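Contents: one structure, followed by commentary.
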Amino acid sequence: MPELPEVETTRRGIAPYLEGKRVTQLIVRDRRLRWPIPEDLAIQIEDQVFTRIDRRAKYLLMHIGGGVLIGHLGMSGNMRLVPIGTPAAKHAHVDIELDSGLALRYTDPRRFGALLWSNDPMAHPLLASLGPEPLSEAFNGELLYQRSRGKRSAVKPFIMDNAVVVGVGNIYASEALFAAGIDPRREAGRISKARYVQLALEIKRILAYAIERGGTTLRDFTGGDGQPGYFKQELFVYGRGGELCKVCGRTLSECRLGQRSSVYCSSCQR
DNA sequence: CGCGACTCCTGCCGGC
DNA sequence: TGCCGGCAGGAGTCGC
């Protein structure tokens, strides 16, 4: 479910309902996420006020009290606001009840996500060595070109490496490579600067468009306001192995790169 | 040290 | 209809 546009859509959806609100109670039904939810989290956030909701890569940074609640949605997580007292469905692991009468509910069937606490999130090991944000000026074709020199791995896992650029997951990596006409299997270190300039532009364009549309709806993703976004029908290659290329009409190929399924058009992408 | 493989977990889908 | 294997939007960690 969550790639960067989904996380940003979540941030925009929840921020207005958190900022300025006081936490009345933390309810943890299951602590077992990717890492256990810290035992002292209630002490850190109860009776404190959320001041600002930021995002770094796919991490939500919820400033409150003397630090930051770090949230990650993993593969299957979501955060929604519900009225306090709404019965907890299966996998609704955490409620953060607010003095507004609403609660921020964290639901995550696969429990690959995380809720952590830090006094200094940028120094946190999970955040300290992340690459630039894809929509920032720091990310561009020159950076991809420089960072790729000498790399033997395929270009698709290269652009999905969070140390290179954050927030490019399997869907948008696949779509950006199609848009740039680059075969995802091509060796990262042997791609020209000109092609990386185009690839960076396509990554920015596609991510910005997906954010504008409110994230991809693959199964049941909706933002904080419950509006579904960017539909599967708009994707050119992701999830379309064996179907016909929307541009040239040939059958789309599929392979695995870095243990992730990768669909591409062997005619449009070289 | 770079890179690929493995791992965590539940749900869902297709095939038999 | 039911069971089983495989795969799924992430990403840290391990081992070669």
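Here are a few things to note about the model shown:
- A:Lys232 accessible area, assembled protein chains, probe 1.4 Å, Å²: 90 Å²
- The trypsin sites (Lys or Arg not before Pro) of region A:70-137 meeting both criteria, a DSSP state outside H, G, I, E and B (loop) and at most 15 other C-beta atoms within 10 angstrom of the site's C-beta, are A:Lys90, A:Arg110.
- Contact order relative to length of chain A, as percent, for alpha carbon pairs under 8 angstrom and 6 or more apart: 19 percent
- Reachable lysines, given that their alpha-carbon falls under 18 Å from the alpha-carbon of A:Lys156 and they are not under 8 places away in the same chain: A:Lys193, A:Lys204
- Relative contact order (%) - criterion: Cα under 8 Å, at least six apart; region: region A:95-214: 26 percent
- Chain A, helix-only ellipticity at 222 nm - DSSP H runs n ≥ 4, -39,500 (n - 2.57), divided by all residues, nearest 500: -7500 deg cm²/dmol
- By the rule of a C-alpha distance below 14 Å, with chain neighbours fewer than 8 residues away ignored, the aspartates and glutamates paired with A:Lys246 are A:Glu175, A:Glu234.
- Taking all C-alpha pairs of region A:4-128, those more than 25 Å from each other amount to 12 percent.
- Computed over the alpha carbons of region A:52-206, Rg followed by Dmax gives 18.6, 57 Å.
- Mean separation of Cα contacts under 8 Å (6+ apart) over length of region A:141-264, as relative contact order %: 24 percent
- Net length available on complete extension from A:Ser192 to A:Ile43 is 48.4 nm, with 0.36 nm assigned per residue and the Cα-Cα distance removed.
- Solvent-accessible area per residue for chain A (1.4 angstrom probe, square angstrom): 46 Å²
- Gyration tensor analysis over the Cα atoms of chain A returns equivalent ellipsoid semi-axes of 36, 20, 15 Å (largest first, whole Å).
- Cα pair count fraction exceeding 16 Å, expressed as % - region A:141-264: 61 percent
- Here region A:71-118 is treated as a sphere whose radius is the Kirkwood value from Cα pairs; by Stokes-Einstein at 37 °C and 0.692 mPa s it diffuses with a coefficient of 298 µm²/s.
- Ranked by the mean number of other Cβ atoms within 10 Å of their residues, highest first, the peptides A:149-157, A:9-17, A:165-173 come out as A:165-173, A:9-17, A:149-157.
- Efficiency of FRET from Cβ geometry, A:Arg52 and A:Ala88, R₀ 35 Å, rounded to 0.05: 0.80
The values are calculated or read from the model by the stated rules, or taken from the named source; none is laboratory data. Bear in mind the structure is a predicted one, so any value in this text is a computation, not a measurement. Neighbour counts are summed over all protein chains in view; Cβ atoms, including those assigned to glycine, are modelled from backbone coordinates with ideal geometry. Ligands, DNA and RNA are excluded from the accessible area calculation, which covers all protein heavy atoms including side chains. Shrake-Rupley method; radii C 1.70, N 1.55, O 1.52, S 1.80 Å.
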